[in-house]
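Undergrad: The structure is given below, and queries will be raised subsequently.
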Amino acid sequence: MTDSESTRHIEIKDDDRTAAVAEVTTARGPEGTVRASMYAKNEHVRPGDRAALVDEVMDLPEVKASDRMEAAVPYGDAESVERLRERTDDAVLRAAGGTTLLDANLPPDRGHQPASDQPAGDADGRPGND
(Lines give C-alpha, C1' and ligand atoms only; values in the text may rest on other atoms or scores of the structure.)
Protein backbone atom coordinates (compact mmCIF):
# COMPACT_ATOMS: atom_id res chain seq x y z
CA MET A 1 0.00 0.00 0.00
CA THR A 2 2.94 2.37 0.32
CA ASP A 3 2.76 3.05 -3.42
CA SER A 4 -0.81 4.34 -3.19
CA GLU A 5 -0.52 6.29 0.06
CA SER A 6 1.54 9.15 1.40
CA THR A 7 2.21 9.81 5.11
CA ARG A 8 3.18 13.06 6.80
CA HIS A 9 4.36 13.71 10.35
CA ILE A 10 3.34 17.11 11.79
CA GLU A 11 4.54 18.59 15.10
CA ILE A 12 3.61 21.68 17.11
CA LYS A 13 6.49 22.87 19.30
CA ASP A 14 6.43 24.53 22.73
CA ASP A 15 9.89 26.12 22.80
CA ASP A 16 12.18 23.11 22.10
CA ARG A 17 9.68 20.46 23.20
CA THR A 18 7.12 18.81 20.97
CA ALA A 19 3.67 19.69 22.31
CA ALA A 20 1.36 17.94 19.83
CA VAL A 21 1.80 15.45 16.99
CA ALA A 22 -0.17 14.22 13.99
CA GLU A 23 0.34 11.38 11.55
CA VAL A 24 -1.56 12.08 8.32
CA THR A 25 -2.07 9.50 5.57
CA THR A 26 -3.64 10.41 2.24
CA ALA A 27 -4.41 8.26 -0.76
CA ARG A 28 -2.63 9.37 -3.92
CA GLY A 29 -4.77 11.47 -6.21
CA PRO A 30 -7.62 13.87 -5.46
CA GLU A 31 -10.92 12.98 -3.86
CA GLY A 32 -9.45 10.40 -1.52
CA THR A 33 -9.90 9.88 2.20
CA VAL A 34 -7.46 11.42 4.67
CA ARG A 35 -6.68 9.50 7.84
CA ALA A 36 -5.20 11.46 10.72
CA SER A 37 -4.14 10.54 14.23
CA MET A 38 -3.61 13.58 16.46
CA TYR A 39 -2.49 13.78 20.07
CA ALA A 40 -0.68 15.95 22.60
CA LYS A 41 2.64 14.64 23.87
CA ASN A 42 1.37 15.11 27.44
CA GLU A 43 -1.77 16.45 29.05
CA HIS A 44 -0.20 19.80 29.96
CA VAL A 45 -0.01 21.71 26.67
CA ARG A 46 -0.70 25.37 26.04
CA PRO A 47 -4.27 26.27 25.12
CA GLY A 48 -4.45 26.52 21.36
CA ASP A 49 -1.70 23.98 20.57
CA ARG A 50 -4.21 21.24 19.76
CA ALA A 51 -6.28 23.58 17.56
CA ALA A 52 -3.06 24.73 15.84
CA LEU A 53 -2.22 21.08 15.11
CA VAL A 54 -5.66 20.55 13.53
CA ASP A 55 -5.13 23.70 11.42
CA GLU A 56 -1.70 22.48 10.26
CA VAL A 57 -3.23 19.16 9.20
CA MET A 58 -6.24 20.74 7.49
CA ASP A 59 -4.03 23.20 5.58
CA LEU A 60 -1.87 20.49 3.95
CA PRO A 61 -2.38 20.61 0.16
CA GLU A 62 -3.13 16.88 0.01
CA VAL A 63 -5.79 17.25 2.70
CA LYS A 64 -7.37 20.18 0.86
CA ALA A 65 -7.51 18.02 -2.28
CA SER A 66 -9.36 15.22 -0.47
CA ASP A 67 -13.10 14.76 0.01
CA ARG A 68 -13.29 12.87 3.33
CA MET A 69 -11.50 12.67 6.67
CA GLU A 70 -11.21 9.96 9.28
CA ALA A 71 -9.52 11.32 12.40
CA ALA A 72 -8.59 9.85 15.77
CA VAL A 73 -7.96 12.01 18.84
CA PRO A 74 -7.70 11.09 22.52
CA TYR A 75 -11.09 10.81 24.24
CA GLY A 76 -11.75 14.07 26.11
CA ASP A 77 -9.65 16.27 23.81
CA ALA A 78 -12.41 18.84 23.35
CA GLU A 79 -10.13 21.45 21.73
CA SER A 80 -9.15 19.15 18.84
CA VAL A 81 -12.68 17.82 18.38
CA GLU A 82 -14.19 21.31 18.30
CA ARG A 83 -11.61 22.53 15.79
CA LEU A 84 -12.16 19.47 13.60
CA ARG A 85 -15.91 20.11 13.65
CA GLU A 86 -15.31 23.75 12.65
CA ARG A 87 -13.08 22.73 9.73
CA THR A 88 -15.18 19.82 8.38
CA ASP A 89 -18.77 19.20 7.24
CA ASP A 90 -21.25 16.58 8.42
CA ALA A 91 -18.96 15.35 11.20
CA VAL A 92 -19.96 12.14 12.97
CA LEU A 93 -18.21 11.38 16.27
CA ARG A 94 -18.02 8.15 18.20
CA ALA A 95 -16.03 6.86 21.14
CA ALA A 96 -13.77 3.83 20.81
CA GLY A 97 -12.08 3.08 24.11
CA GLY A 98 -9.77 5.98 24.94
CA THR A 99 -10.17 7.51 21.47
CA THR A 100 -12.71 9.73 19.76
CA LEU A 101 -13.17 8.90 16.08
CA LEU A 102 -14.41 11.50 13.62
CA ASP A 103 -15.73 10.78 10.13
CA ALA A 104 -16.49 13.87 8.07
CA ASN A 105 -16.63 15.46 4.66
CA LEU A 106 -13.97 18.01 3.80
CA PRO A 107 -15.33 21.30 2.46
CA PRO A 108 -13.85 22.92 -0.62
CA ASP A 109 -10.94 25.22 0.26
CA ARG A 110 -12.55 28.46 1.46
CA GLY A 111 -9.46 30.42 2.42
CA HIS A 112 -9.41 29.37 6.08
CA GLN A 113 -8.75 32.01 8.73
CA PRO A 114 -6.85 30.73 11.82
CA ALA A 115 -8.67 30.94 15.16
CA SER A 116 -6.22 33.52 16.55
CA ASP A 117 -7.09 35.93 13.72
CA GLN A 118 -10.86 35.64 14.05
CA PRO A 119 -12.71 38.49 15.79
CA ALA A 120 -13.57 37.84 19.40
CA GLY A 121 -17.20 37.45 20.34
CA ASP A 122 -19.37 37.38 23.43
CA ALA A 123 -19.97 34.11 25.29
CA ASP A 124 -22.93 33.44 22.99
CA GLY A 125 -20.63 33.56 19.94
CA ARG A 126 -21.86 36.91 18.61
CA PRO A 127 -19.44 39.79 18.00
CA GLY A 128 -18.97 42.00 21.04
CA ASN A 129 -20.43 45.50 21.26
CA ASP A 130 -17.36 47.33 22.57
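The values are calculated or read from the model by the stated rules, or taken from the named source; none is laboratory data. Quantities reported herein were computed from a predicted structural model and do not represent experimental measurements. Accessible surface is based on the protein model in full, side chains and every heavy atom, while ligands, DNA and RNA are left aside. Shrake-Rupley method; radii C 1.70, N 1.55, O 1.52, S 1.80 Å.
Undergrad: What number comes out for accessible area per residue over the range 30-103 if the probe is 1.4 Å? Units Å², please.
TA: Working: 3850 Å² over 74 residues.
Value returned for the range 30-103: 52 Å² of accessible area per residue.
Undergrad: How much of the accessible area of the range 23-115, probe 1.4 Å, is carbon plus sulfur, in whole percent?
TA: Working: 2400 of 4970 Å².
Summing carbon and sulfur atoms, their accessible area is 48 percent of the total for the range 23-115.
Undergrad: Over the range 3-67, calculate the relative contact order: mean separation of alpha carbon pairs under 8 Å at least 6 apart, over the residue count, as a percent.
TA: Reported relative contact order: 32 percent.
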